[in-house]
């Protein structure tokens, strides 16, 4: 009797692991599709706004680059299940550049804010360099095979 109970317990554990994995994967893909759809929707709305305006400023073009990087990041995550941190840094660099250009166009005067934003862009560029160096020098090892 105890042996049958152990077998039943094992089968229930395996079934719950399969069901749990299926639910997690389903939510994962649903969330990725929703994020991807929101990116496409936002990029389309920004593009329509630019077309209605009759042209695109440099901030508009940089905004489209931000959407492009976000879309690429979702695509890479969808295919590999790994979050490419470098893409987040690229988005941050592009956003800071966009903010810097808007600030310069609006105020037309040099101040400490320009230096701070430029320093932030430099720090993000250095972080990208460190990440690239680290990933080439010390590649991560996958559990299912070579790096």
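Read-outs: derived from the displayed coordinates by stated rules, not from any lab. Owing to the predicted nature of the structure, the values given are computational and were not obtained by experimental measurement. Cβ sites come from the backbone with ideal geometry, for glycine too, and all protein chains shown count toward neighbours.
Structural remarks
- Of 59, 69, 17, the residue with the greatest mean-square motion in the GNM of the chain, using alpha carbon springs below 10 Å, is 17.
- Estimated FRET transfer efficiency (residue 103, residue 132; beta-carbon r; R0 25 Å; 0.05): 0.30
- Along its principal axes, segment 2-137 has C-alpha extents of 82, 42, 24 angstrom, given from the largest down.
- Separation of alpha-carbon centers, segment 1-33 and segment 90-128, rounded to whole Å: 49
- Largest GNM mean-square fluctuation across 126, 64, 32, computed for the chain with C-alpha springs under 10 Å, falls on 126.
- Estimated FRET transfer efficiency when R0 is 35 angstrom, pair residue 140-residue 32 (beta carbons, to 0.05): 0.95
- Within segment 90-109, backbone nitrogen closer than 16 Å to the virtual label 7 Å beyond the Cα of residue 125 toward Cβ: 90-101
- The chain: calculated mean residue ellipticity at 222 nm from DSSP helix runs of at least 4, using -39500 (n - 2.57): -30500 deg cm²/dmol
- Degrees separating the helix 58-80 axis from the principal Cα axis of the chain, which is the longest one: 10
- Scoring 91-97, 102-108 by mean Cβ neighbours within 10 Å over their residues and listing the highest first yields 91-97, 102-108.
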